[in-house]
2 protein chains.
Amino acid sequence: MALYVQKYGGTSVGTTERIEHVADKVKTFCDDGHDVVVVVSAMSGETNRLLGLADAITDQPNPREMDVLLSTGEQVTIALLSMALQKRGCSARSYTGDQVRIVTDSAHTKARIQHIDVEHMQKDLKAGRVVVVAGFQGVDELGNTTTLGRGGSDTTAVALAASLKADECQIYTDVDGVYTTDPRVVDDARRLDKITFEEMLEMASLGSKVLQIRSVEFAGKYNVPLRVLSSFQDGPGTLITLEEEYKVEQPVISGIAFNRDEAKLTVLGVPDIPGVASRILGPVSAANIEVDMIVQNVADDNTTDFTFTVHRNDFERVQKVLTEVANDLGAREVRGDSNIAKVSIVGVGMRSHAGVASKMFDTLAAENINIQMISTSEIKVSVVIAEKYLELAVRALHSAFELDAREQNR
Amino acid sequence: MALYVQKYGGTSVGTTERIEHVADKVKTFCDDGHDVVVVVSAMSGETNRLLGLADAITDQPNPREMDVLLSTGEQVTIALLSMALQKRGCSARSYTGDQVRIVTDSAHTKARIQHIDVEHMQKDLKAGRVVVVAGFQGVDELGNTTTLGRGGSDTTAVALAASLKADECQIYTDVDGVYTTDPRVVDDARRLDKITFEEMLEMASLGSKVLQIRSVEFAGKYNVPLRVLSSFQDGPGTLITLEEEYKVEQPVISGIAFNRDEAKLTVLGVPDIPGVASRILGPVSAANIEVDMIVQNVADDNTTDFTFTVHRNDFERVQKVLTEVANDLGAREVRGDSNIAKVSIVGVGMRSHAGVASKMFDTLAAENINIQMISTSEIKVSVVIAEKYLELAVRALHSAFELDAREQNR
């Protein structure tokens, strides 16, 4: 007998038929004697429908009212799923974020969970009920409805699992686990049985968007075993867990992440004096543009070249900002390139293995792929290359690090 | 400076354009310095959409979950209307039934309001905000979401007006007031400037469905001046108020109501012994069939004929029930007729004027319309006639009681 918190996303509850299917799935766990708390998202398409209504009225919706509006999506799903469970003879009870109470701060549309009352849920579980909770939403101390930001249902699930000390938090989605890389790019991409929280964070932030990043951070912080599974097919999925729990030797690399949403900016011939980085990035940040990779090279004439990447959507805006900054600084030139891609190798095993980065660079060189930028962390190495080489680079690296050939030993 | 509670129904908020129109309307009141609390329904079609989702899952939805589901409809509208008001520079704040708090009993899908906390609303009004409240919903003492039954937004508005001691409760709808009879039947039907609560109750229950009956009862009980107006055109509407407030002499009859949704059943040759009525109606009531008019005639052979009307939808079911009952009672025969209509004259003036009923019967006789059943109350006389004579009867009575010719003196 275990306690599971299961989360089903928008696609998994996209129609009443799929909600019935989820009810079937939940029932098998109840029939096996487990306690189940189910967290659900809005039916797919519903959030966009609601956004469309708000958009028809104003392009500057009040965030408090936005939360009142959007939170109805999950509320519909909890009612329908509870009905479907009851039809199957499963006692069930729905809860909005307010009813649980999932108390958050008052940062509407991007609130953070502060604490969760588990009393009601525990009483229901004790009485043999399935507890069905609306994801993505909470309530602030003043009773205002809040939401956790898009994808926040994952965070709800992990937070509930942590509060209830659940045995596992299961995230049901439309993929059957976390892969060594995107299967649409590499045919031989392989589902991982296990991955560490840190690796998952790097994979997620680099574009393998299976889970919301905050939910993985949260799970890592509270050590909630997190499992990603498919709601449409059976299978063990991928368990995201602490490094220490690995039973076999660490593989060097867990996966290859990539991202083609970025653009690169370089300010050439900047005087090489202290404070230059902040004088360049200050105005960028003030314009609310997020910066990802940053590289600075020293040139030989007491000037330096400063390069960074931003989301491709911000490319034109950042160029305007930079042109002014470059003038003020007396820089020589601003160059931009939006035809780039970022490729990263990720793995906790990297820490204790020298030569991982050079193997990556060798592999790319062997394919005649020029590396434009390099950035490293303890468990990943990222490079920026021309976008046209992306698939080639990912396949070459996937093969070089033996991700497809290796036994599924983790 | 007055305090108005305004209620806008589903048609009035049926699209985002119409919500914007409502915001314009509300703003004119704010600009004139009035305090406004707005109660809104779900956008028209939304409740049916939600019912359809539930229906796709189960034909026996749990009432608690039904309320969780349906209450989302109004929640969407309060958010959108608040946004529309804010866009116009009107400070506004939305409240669900739970947030107000509108505390009800726990009778899901047909809950009754027990009390209303006015503190939050009064604080907002004092701060110059428009308060936008979701109609139709409340919360029970345990924190469960409840709903007041279809059309319950009227009840919410009246209850808020009573609690806040509002100067007027304005019900905006798609008609511009209460008429002497249905304008689709009588061209000369006239909008009433005023009508009493009692008359309105009789008119509403008899088929002039402008307002939900419970809201009128509530308004009468707490003496909340209630005004029915059109949200689509300007005009004073109809004020529903206490009898004593009439300034001119009472007219005899205020209006003609009618209803073609009923069917008539007669059990012939029932032994004329005590307890017969309950032996006939007991099983009908046990089958959850509501009975409207009841008439019993004594025949001359120690038997009696027992006649009553039910909603036409229940006609076949009630016939089955009655056939068994008639056998048990040794009655001679059961006859049914669904081609009937009920016509009623309504007016508080009737109390002090003799001859109103006979004038009605004379008028119908002059048109050769046979009366099948008669039922009277202090302020109305109802007759059942063959359905085919309905329009003829309504027009003849409307004219006989001078409803179209009379000056609009009330």
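The values are calculated or read from the model by the stated rules, or taken from the named source; none is laboratory data. Remember, it's a predicted structure, so these values are computed and weren't measured experimentally. Virtual Cβ from ideal backbone geometry, glycine too; neighbours counted across all protein chains shown. SASA here: full protein model, heavy atoms, side chains in, ligands and nucleic acids out. Shrake-Rupley method; radii C 1.70, N 1.55, O 1.52, S 1.80 Å.
Of (1) closer than 22 Å to A:Gly138 by Cα; (2) open to solvent by 10 Å² or more (accessible area, probe 1.4 Å); (3) modelled with pLDDT of 95 or more, A:Thr109 satisfies all except one. Which?
Here A:Thr109 meets the rest and fails (3).
Here's the yes/no breakdown for (1) touching a Ser or Thr at 6+ places or on another chain (Cβ under 8 Å); (2) of a type in the set (Ser, Thr, Tyr); (3) more than 20 Å from B:Ala42 (Cα to Cα):
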site: B:Val139; (1), (2), (3): yes, no, no
site: B:Leu148; (1), (2), (3): yes, no, no
site: B:Thr156; (1), (2), (3): no, yes, no
site: B:Ser163; (1), (2), (3): no, yes, yes
site: B:Asp193; (1), (2), (3): yes, no, yes
site: B:Glu198; (1), (2), (3): no, no, yes
site: B:Leu201; (1), (2), (3): no, no, yes
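Suppose the filter is free of Cβ contacts under 8 Å to residues at least 60 places away in the same chain and either open to solvent by less than 20 Å² (accessible area, probe 1.4 Å) or over 16 Å from B:Ile256 (Cα atoms) (or both); does B:Gly336 pass it?
Details: free of Cβ contacts under 8 Å to residues at least 60 places away in the same chain: no; either open to solvent by less than 20 Å² (accessible area, probe 1.4 Å) or over 16 Å from B:Ile256 (Cα atoms) (or both): yes.
It is false that B:Gly336 is free of Cβ contacts under 8 Å to residues at least 60 places away in the same chain and either open to solvent by less than 20 Å² (accessible area, probe 1.4 Å) or over 16 Å from B:Ile256 (Cα atoms) (or both).
Within the set of pairs 6 or more residues apart or between chains, which connect a residue that is closer than 9 Å to B:Ala42 by Cβ inside the range B:66-91 to a residue that is acidic (Asp, Glu) and in a helix (DSSP H, G or I) with Cβ atoms less than 8 Å apart?
Taking only residues 6 or more apart or on different chains, the pairs are B:Gly73/B:Glu46; B:Val76/B:Glu46.
Cβ-Cβ below 8 Å, separation at least six or inter-chain, first residue in the range B:277-293 and more than 25 Å from B:Val343 (Cα to Cα), second β-branched (Val, Ile, Thr): which pairs?
Partner pairs satisfying both residue conditions: B:Arg279/B:Val325; B:Ile280/B:Val267; B:Ile280/B:Val270; B:Ile280/B:Val325; B:Pro283/B:Val321; B:Pro283/B:Val325; B:Ala287/B:Val318; B:Ala287/B:Val321.
Test B:Ala84 against the stated conditions and say whether it is among the aliphatic types (A, V, I, L, M), buried (at least 19 other Cβ atoms within 10 Å of the Cβ) and more than 25 Å from the chain's Cα centre (by Cα). Talk me through it step by step, then tell me what you get.
Details: among the aliphatic types (A, V, I, L, M): yes; buried (at least 19 other Cβ atoms within 10 Å of the Cβ): yes; more than 25 Å from the chain's Cα centre (by Cα): yes.
So B:Ala84 passes the test.
Looking at A:Ala54, A:Ala2, A:Ala23, which is the one that is over 20 Å from A:Gly143 (Cα atoms), open to solvent by less than 10 Å² (accessible area, probe 1.4 Å) and touching a residue at least 24 places away in the same chain (Cβ under 8 Å)? Steps first, please.
On the way: A:Ala54 fails: touching a residue at least 24 places away in the same chain (Cβ under 8 Å); A:Ala2 fails: open to solvent by less than 10 Å² (accessible area, probe 1.4 Å).
Selected residue: A:Ala23, the only one of A:Ala54, A:Ala2, A:Ala23 that is over 20 Å from A:Gly143 (Cα atoms), open to solvent by less than 10 Å² (accessible area, probe 1.4 Å) and touching a residue at least 24 places away in the same chain (Cβ under 8 Å).
So which helices (runs of 4 or more DSSP H) are wholly in the range A:1-90 and hold at least 1 residues that are in contact with a Phe, Trp or Tyr (Cβ under 6 Å, 6 or more places away or on another chain)? It would help to see each step written out before you state the result.
Working: elements: A:16-31, A:46-57, A:63-87.
Filter on the range A:1-90 gives A:16-31, A:63-87.
Going by the structure shown, is A:Ala162 touching a residue at least 40 places away in the same chain (Cβ under 8 Å), in contact with a strand residue (DSSP E or B) (Cβ under 9 Å, 6 or more places away or on another chain) and surrounded by fewer than 22 Cβ atoms within 10 Å (Cβ to Cβ)?
Here the answer is yes, as A:Ala162 does meet what is asked.
Output the helices (runs of 4 or more DSSP H) that fall wholly within the range A:310-410 and possess 3 or more residues being farther than 30 Å from A:Leu239 by Cα, or say none.
Result: A:315-329, A:356-366.
Consider the range B:119-143. How many of its residues are surrounded by fewer than 17 Cβ atoms within 10 Å (Cβ to Cβ), assigned to a loop (DSSP other than H, G, I, E, B) and more than 13 Å from chain A (Cβ to nearest Cβ)? Steps first, please.
Step one: of the range B:119-143, the residues surrounded by fewer than 17 Cβ atoms within 10 Å (Cβ to Cβ) are B:119-120, B:122-123, B:126-128, B:141-143.
Subsequent filtering for residues that are assigned to a loop (DSSP other than H, G, I, E, B) retains B:127-128, B:141-143.
From what is left, the residues that are more than 13 Å from chain A (Cβ to nearest Cβ) are B:127-128, B:141.
The qualifying residues number 3.
So A:Asn288 passes all but one of these: (1) assigned to a loop (DSSP other than H, G, I, E, B); (2) on the phi < 0 side of the Ramachandran plot. Which condition number does it fail?
Single failed check for A:Asn288: (2).
State the number of residues belonging to the range A:108-118 that are under 20 Å from the mean Cα position of the chain (by Cα), in a loop (DSSP other than H, G, I, E, B) and more than 13 Å from chain B (Cβ to nearest Cβ).
Here the count works out to 3.
Can you pull out the residues in the range A:5-20 that are within 14 Å of chain B (Cβ to nearest Cβ) and crowded, with 23+ Cβ neighbours inside 10 Å?
Passing the criteria: A:Val13, A:Ile19.
Taking the range B:74-125, which residues are farther than 24 Å from B:Arg18 by Cα and of a type in the set (Lys, Arg)?
Listed by number, the residues that qualify are B:Arg101, B:Lys110, B:Arg112, B:Lys123.
Could you list, in sequence order, the residues of the range B:299-327 that are touching a Pro at 6+ places or on another chain (Cβ under 9 Å) and of a type in the set (Asp, Glu)?
Result: B:Glu324, single match.
To keep it simple, each residue is scored yes or no on (1) over 23 Å from B:Gly97 (Cα atoms); (2) in the same structural domain as A:Val37 (by TED's automatic domain parsing); (3) touching a strand residue (DSSP E or B) at 6+ places or on another chain (Cβ under 6 Å).
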{"site": "A:Leu85", "(1), (2), (3)": "yes, yes, yes"}
{"site": "A:Ala92", "(1), (2), (3)": "yes, yes, yes"}
{"site": "A:Thr96", "(1), (2), (3)": "no, yes, yes"}
{"site": "A:Gln99", "(1), (2), (3)": "no, yes, no"}
{"site": "A:Ile102", "(1), (2), (3)": "no, yes, yes"}
{"site": "A:Val118", "(1), (2), (3)": "yes, yes, no"}
{"site": "A:Leu125", "(1), (2), (3)": "yes, yes, yes"}
{"site": "A:Glu141", "(1), (2), (3)": "no, yes, no"}
{"site": "A:Thr146", "(1), (2), (3)": "no, yes, yes"}
